[in-house]
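The next block holds one structure in the form of structure tokens; read it before the comments.
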Amino acid sequence: MANKHYPAQFKADAVALYRSRPGATIASIAGDLGINRETLRSWVRLDDERRGGVPGRRGRSRSRGEPAAGTVEQENTELRRRVRELQEERDILRKAARYFAGETRW
């Protein structure tokens, strides 16, 4: 099997997608992107080393100071954040689809 070379932006987007989805596994993200799970795992490890962070962390702070009372403004803020996450995920998957579509030469 030949080694595939992925663009740096694709690697960064794949790691960002993994970090933006707290419930997702490396295997599920790799499957969505059509790459080997060990490839994604190595990209995440390299990113952890580059950041100087603790391996296994997703780059998110768990103590975000969640609101005590569910006001409309707080709920809107959370929903806007979620919309941004989903838009980023969509854009990453679109880029991946374009990349892999360009890779196939019939």
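The values are calculated or read from the model by the stated rules, or taken from the named source; none is laboratory data. Remember, predicted model here, so these are calculated numbers, not experimental data. Virtual Cβ from ideal backbone geometry, glycine too; neighbours counted across all protein chains shown.
Key figures
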read-out	value
Arg60 vs. criteria at pLDDT 90 or above, loosely packed, with under 11 Cβ neighbours inside 10 Å and not β-branched (Val, Ile, Thr)	no
Filtered residues of the stretch 9-50 (kept if part of a loop (DSSP other than H, G, I, E, B), farther than 19 Å from Asp91 by Cα and at pLDDT 90 or above)	Thr25, Asn36
Filtered residue count, the stretch 13-40, keeping only those that are among the aliphatic types (A, V, I, L, M) and crowded, with 18+ Cβ neighbours inside 10 Å	8
